[in-house]
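First up is the structure itself, then whatever we jot down about it.
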Amino acid sequence: MYDPIMRIAGWLVTLAVLWPGPVRLSHSRQARARSTRAVPAPAIHVGPNIQVSRSRAADTHYEVTVATHPRDPSRLVVGSIIYPESGTTYGTIVYASADGGVTWNPVLEGGPLDHTGDPAMAFGPDGTAYYAASSLPAGGERTLLLFRSHTGGASWAGPFALTYMDREFVTVDATGGPFHGRVYVTGNSRVPRTISDFVVFQSSESGASFRGPGTRAAFGSARASVMGNAVVASDGTLIGVCVEEQPGAAGGGR
């Protein structure tokens, strides 16, 4: 039977190198074997499934995302859209783990996260965690909400409001270059609502303030309706992807 309750599961993955046992070779083959001996491939061991949403086990979760602290592997955070079992509302939720994913607790939910969607999160190289969600109130203007955590996800400050965008992503420069630590929020502009195109906001102050939106060339001349994530290249260049619609073309996009 189909289970309508979708649960978040995490996996613990460790690596172990498996070395072969002794192999007896003739003297004439030993020297050749020493020069051509292959390095054994590592084996991947997958641990048991762990239900991140155990404390909200009866609620439906989807659009999940995960991030981990750059220097402390015990610190992880997960964001998700959540539909409570009561069905009276919806929103997003953030869970955190301080023991490498063995146990999880909800650390950000309700209140400002009521009627939010499109969860996105990332850690910066200094260990600051960022969480963004689209605020979609039943009435009034839509906005983008940003939260920050300096405690590995255990507690959060915010929300800080940004211009609304659809299906946003958070990316942080960890290259060690001139823009190291810069925070980018990319997504689909909906201001004005007649435009659907790629935009980016950026912060050089650990998310304390943002500048933007930055737009691509010929902004608004084509409809970029589906957003992908963004990455920072080793030279500090921000690279984002999106689907651009072509009315009348086969497939409808490129």
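Out of all the residues in the range 208-229, which are buried (at least 17 other Cβ atoms within 10 Å of the Cβ) and free of Cβ contacts under 8 Å to residues at least 12 places away in the same chain? Scanning the range 208-229 gives no hits. Filtering the range 183-207 down to residues that are in a loop (DSSP other than H, G, I, E, B) and in contact (Cβ under 8 Å) with a residue 24 or more places away in the chain, which residue is surrounded by the most Cβ atoms within 10 Å (Cβ to Cβ)? Going through the qualifying residues, I end up with Gly207. Counting only residues that are surrounded by fewer than 19 Cβ atoms within 10 Å (Cβ to Cβ) and either touching a Cys at 6+ places or on another chain (Cβ under 7 Å) or not small (Gly, Ala, Ser) (or both), the range 108-142 holds 10 of them.
Number of residues in the range 233-254 that are under 22 Å from Gln202 (Cβ atoms) and either at pLDDT below 95 or surrounded by 13 or more Cβ atoms within 10 Å (Cβ to Cβ) (or both) equals 5. On inspection, Glu168 does not qualify as among the acidic types (Asp, Glu), part of a loop (DSSP other than H, G, I, E, B), within 29 Å of Thr88 (Cβ to Cβ) and touching a residue at least 12 places away in the same chain (Cβ under 8 Å). Among all residues of the range 114-130, there is at least one that is within 21 Å of Tyr83 (Cα to Cα) and among the hydrophobic types (A, V, I, L, M, F, W, C).
Within the range 104-121, the set of residues being at pLDDT below 95 and in a loop (DSSP other than H, G, I, E, B) comprises Gly110 only.
Filtering the range 149-161 to residues that are part of a strand (DSSP E or B) and surrounded by 20 or more Cβ atoms within 10 Å (Cβ to Cβ) leaves Ser149, Pro159. Any chance the range 91-103 includes a residue that's more than 27 Å from Asn49 (Cα to Cα) and either in a strand (DSSP E or B) or modelled with pLDDT under 95 (or both)? No, because not a single residue in the range 91-103 is more than 27 Å from Asn49 (Cα to Cα) and either in a strand (DSSP E or B) or modelled with pLDDT under 95 (or both). Filtering the range 57-95 to residues that are among the charged types (D, E, K, R) and either over 26 Å from Gly117 (Cβ atoms) or surrounded by fewer than 21 Cβ atoms within 10 Å (Cβ to Cβ) (or both) leaves Asp59, Glu63, Arg71, Asp72, Glu85.
For the range 10-23, the condition holds for no residue, the condition being that it is modelled with pLDDT of 75 or more and either hydroxyl-bearing (Ser, Thr, Tyr) or not in a loop (DSSP other than H, G, I, E, B) (or both). Yes or no: Ser53 surrounded by 13 or more Cβ atoms within 10 Å (Cβ to Cβ), out of contact with any Phe, Trp or Tyr (no Cβ under 6 Å at 6 or more places or on another chain) and either at pLDDT below 95 or small (Gly, Ala, Ser) (or both)? Yes: the conditions hold for Ser53.
The values are calculated or read from the model by the stated rules, or taken from the named source; none is laboratory data. Just so it is clear, the model here is predicted, and its values are computed rather than measured. Virtual Cβ from ideal backbone geometry, glycine too; neighbours counted across all protein chains shown.
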